[in-house]
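**Student:** First the structure, then my questions, so here it is.
The values are calculated or read from the model by the stated rules, or taken from the named source; none is laboratory data. All values reported here derive from a predicted model rather than from experimental measurement. Backbone-built Cβ (ideal geometry, glycine too); neighbour counts: all protein chains shown.
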Amino acid sequence: MAGGKENGVTAELAHERLQSGLRKWRMQLALRYVLFALAASLLLVTGMRLLWPLSLQVHLAFMLIAFALILLLLLLRGRTRFADVEAFAHHCNRVFPELEESCELVLKPEDALSVLERLQRRRALQALDKIPAQQLCPRQNLTTGWVCAASAALLAIVILIWPPASFFESTTGNSIANATPINENISHSPETLPALEKIAVRISPPGYTGKSARVLAQLDLQAEEGAQVTWEITFTQKLSTVQLIFSEGDTLSLSPVSEFRYSATRALTQTGFYHLAFGTTEANTQKSDYHKIEIIKDQPPQITLAQPEQRTELAPEATRRLAVQAEITDDYGIRSHRLVATLAKGTGEAVKFREQILAFDQVQMKSSRQHDLATVLDLHQLGMAPGDELYFFVEAWDNRAPQAQRSRSETFFVILQDTAQVTLASDAGLLINPLPEYFRSQRQIIIDTEKLMQDKTQVSTAEFNRRSNDIGIDQKLLRLRYGQFLGEEAESAAFSQEALPQSSEAHEESGHEETAPSQAKESATNIVEQFAHLHDSEENATLFAVSIKAQLKAALAEMWQAELHLRTHRPEQALPFEYRALALLKDVQQRERAYVQRVGFEPAPLKPEEKRLTGDLSKIQNLKSTKEIVREDPFAALRRARALLQQIKKSPQRLEANATNILEEAGQELAQ
C-alpha cells in the first residue's frame, strides 16, 4: 500500500517531489551566497588597495582567500536551516495550509501509521499533488545578490583599474612637496558659533549632613540627596536661550547674570542625566553631550545587636537579668533611639501583652554617626514570671530633615521556662501493684532518676531495683498519657509490657511457648484489618500538624527507651533519653505559640483616689449649638423692577440692556 496508487499520486512520487524541491532550494541558496561572498571580497580588496597599494597579484590572491572564507562562513550558517527532507516537509506545512500540518506523514511508511494517520496521509497526498512544482521550492531573492555583486565589481574596476594618482601618492608620502599651500588670507565667517568658556557648578549639601559646599568645573555631578546645585556658565558671546534639559522632561532656564554669564539653581533628589542647550536664536541651538547626575541616598540607621542571642531560654532558677548591647551607625548622624519591650503573660487565648518603652543605661558616642548602647533588663522588675515571654527590639532615628528616617532591629525573644506541672489521673485498670496517685511530669522523672543515682551506694540492691522499676512505671504512664494525643487509645504492641526485655532466667523458663499464640494473634489482627472498614486511624485521630505529630512521636520513642532502661534497673543509661524527651516536649509547647502585635484597646488604669468625690466640674460644659440660616428674599425681582421704574422716571432715554428681563421676572413673581 505504501507504494500503491492513491488518488493520482503515490507516496514515492511525493517523496521525490520533496527531494527535488530541497535540491533546487539548496542550489539557489548556494548561488545567493556566492554572489554575496564575491561582493564582500571585492569591497575588501578595494579597501586594501586604497590603504596599501601593493601589486595586482597580491590583491587577487587576497580576494580569492577572502571569497573562500566568506563563502564557507555563509554555507556553515545556512546548512542548518533545511538539514534534511523532514525539515523541508515541516517548512511546507508552514507555507501551505492545505497540507494541514501532515506533510511529514508522507515520508513515513504506511505500515507504521495508525488508521487516523493513514486517512490524514491520503489527504496530504491529494493536497501535495495540487501544489505546482515551481511553488513547492522556496524562492530565494537573487536580485539583491546580483545587484550587490555588480555594484562591488563596478566600484572595484573604477578604483583598481583607473585609480586617482594623487590619492595613492598622498598615501605613500610623496605628495608633501606637491601639496597646495594654505592661503593664510582666507577671511573668517562674520558669524561665529558660541562656545563654552567657563563652567562652575556649586553643590550645597543639606545642613543636617554637616558637609560644606563645593565647586566643580564639570557638568557630571555627584551630589547628596536634596542638595542645592547652582550652575554658572560663561560663554564667548551673548545668547538668547540657555537651558538645562533633564531626563525627566523638565527644563531649567538659566538667567543672565552678566553679559556672557548665566546662572540657575535647582534641588536634586533623584539620579538621572541632563544636557545643555544654548544658542543665539531658537533656530540656531547647540546641544552638549549628556552628563550624569548621581544622587547619594541618605540611608536609614543600621542597628546591630551583639548581645543577647535572638532566642534566649532561661531556667526558672537562673538569674533574671539580661544584658543587651547594641551598635547604631548612620551615614550622617543619629537623632534618637530606644528599646521597645513587650511582655506576654498567660497561655492559650488568655495571653495578654504589655508594651514598655525603655532607655539605654549606657550610651557611648564614638561619633555623631556611631553610638554604642548597653543596658541590663531586669526581668523581675518587668514583671516576668515562669512561663512568660519577652519580645524586644531597638528603634533608631537619624537626623534627616525635615522627615527623619526610622529603622528597627529584628525581634529578640526571651523565654522564662515554666516550672514542672503535675497532671492528676485515676486509672483503675493498670496491672501494677504500686499505683501512683498522679502522673508525674517528665521533669519530675528526671529529678527522681538523679536522686536514685545519688542514693545508689546507700540503699540495698533490692531497694534500688524497686525504685528504678517505680520510676519506669511513672515513665510508662506519662508515655501513655501523651500517646492519647496521637490517637493511641490503648498501648500498642510495640510498647506493651510483653515486649520489655526479661531476665535470662525468665526467658529460659518461658522458652518459646508464647511464640505461636503471639504469631496467631498477629495473623488474626492482620486479617481483620485487611477486610474491616476502619473509620478512624491513629495517624489522623488528632488535628495536630504533621511536624507536631512527628515531634510527639520522637518524644514517645525517647520515653520508651528511658522506660526500657529503668525497668531493667539501669537508670544511668535512661537519663539521656529522659532529657531528650523533656526537650522535645517543651519545644512542642513553644512552637505553637507565636507573638502577635497587640491590636486591641487597653484602657488606662483608673485612679479613683484622685478623681472621685473632688467636686471638680471645670471640664463639664453645656452643649451649645449654633446654626446660621440664610433667608431668601421672595420679592427680589419686584425690588429690582421698582428700582428700574424709578430710573426710567428720572431719565427715560437711558434704559438698561436687560430691562425687559427684569420686568418679566417681576411679572412672574406677581403672578405667583
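**Student:** Tell me, please, whether a residue that is of a type in the set (Lys, Arg), at pLDDT below 90 and exposed (fewer than 15 other Cβ atoms within 10 Å of the Cβ) can be found in the stretch 325-345.
**Tutor:** no
**Student:** Hey, among VAL229, VAL215, which residue is within 25 Å of LYS297 (Cα to Cα), surrounded by 14 or more Cβ atoms within 10 Å (Cβ to Cβ) and modelled with pLDDT of 90 or more?
**Tutor:** VAL229
**Student:** Restricting the search to the stretch 323-357, which residues are among the β-branched types (Val, Ile, Thr), in contact with a strand residue (DSSP E or B) (Cβ under 9 Å, 6 or more places away or on another chain) and either without any contact (Cβ under 8 Å) to a residue 12 or more places away in the chain or not in a strand (DSSP E or B) (or both)?
**Tutor:** Once the filter is applied, which keeps residues that are among the β-branched types (Val, Ile, Thr), in contact with a strand residue (DSSP E or B) (Cβ under 9 Å, 6 or more places away or on another chain) and either without any contact (Cβ under 8 Å) to a residue 12 or more places away in the chain or not in a strand (DSSP E or B) (or both), the stretch 323-357 yields only VAL351.
**Student:** Enumerate the strands (runs of 3 or more DSSP E) found wholly within the stretch 192-232, keeping only those where 3 or more residues are without any contact (Cβ under 8 Å) to a residue 60 or more places away in the chain and outside the structural domain of ALA401 (by TED's automatic domain parsing). Spell out the reasoning first.
**Tutor:** Working: elements: 196-204, 214-216, 221-224.
Per the criteria, 196-204, 214-216.
**Student:** Exactly one of (1) in a loop (DSSP other than H, G, I, E, B); (2) modelled with pLDDT under 85 is unmet by HIS569. Its number?
**Tutor:** (2)
**Student:** Could you tell me whether any residue of the stretch 258-266 is among the β-branched types (Val, Ile, Thr), under 19 Å from GLN218 (Cα atoms) and loosely packed, with under 15 Cβ neighbours inside 10 Å?
**Tutor:** Yes, the conditions are met somewhere in the stretch 258-266.
**Student:** Now for a separate question. Go through the stretch 543-561 and give me each residue that's within 13 Å of TYR482 (Cβ to Cβ) and over 39 Å from the mean Cα position of the chain (by Cα).
**Tutor:** Passing the criteria: LEU556, ALA557, GLU558, MET559, TRP560.
**Student:** Please find, within the stretch 392-420, the residue that is modelled with the highest pLDDT out of those that are among the hydrophobic types (A, V, I, L, M, F, W, C) and in a loop (DSSP other than H, G, I, E, B).
**Tutor:** Out of the qualifying residues, it is ALA404.
**Student:** Would you check which residues across the stretch 272-320 are part of a loop (DSSP other than H, G, I, E, B), of a type in the set (Asp, Glu) and exposed (fewer than 14 other Cβ atoms within 10 Å of the Cβ) and list them?
**Tutor:** Once the filter is applied, which keeps residues that are part of a loop (DSSP other than H, G, I, E, B), of a type in the set (Asp, Glu) and exposed (fewer than 14 other Cβ atoms within 10 Å of the Cβ), the stretch 272-320 yields GLU282, ASP289, GLU309, GLU317.
**Student:** Taking the criterion of being modelled with pLDDT of 85 or more and not hydrophobic (A, V, I, L, M, F, W, C), would at least one residue in the stretch 593-614 satisfy it? Lay out the reasoning, then the answer.
**Tutor:** Our first condition is that a residue be modelled with pLDDT of 85 or more; within the stretch 593-614, this holds for none.
Looking for residues that are modelled with pLDDT of 85 or more and not hydrophobic (A, V, I, L, M, F, W, C), one finds none in the stretch 593-614, hence no.
**Student:** Would you please list the contacts, defined by Cβ atoms under 9 Å and residues six or more apart or on different chains, that run from a residue in the stretch 375-391 that is part of a strand (DSSP E or B) to a residue that is exposed (fewer than 12 other Cβ atoms within 10 Å of the Cβ) and of a type in the set (A, V, I, L, M)?
**Tutor:** Cβ pairs passing all conditions: THR375/ALA323; THR375/ALA359; VAL376/ALA323; LEU377/ALA323.
**Student:** Quick check on the stretch 541-562: of everything there that is exposed (fewer than 15 other Cβ atoms within 10 Å of the Cβ) and β-branched (Val, Ile, Thr), which residue is modelled with the lowest pLDDT?
**Tutor:** THR542
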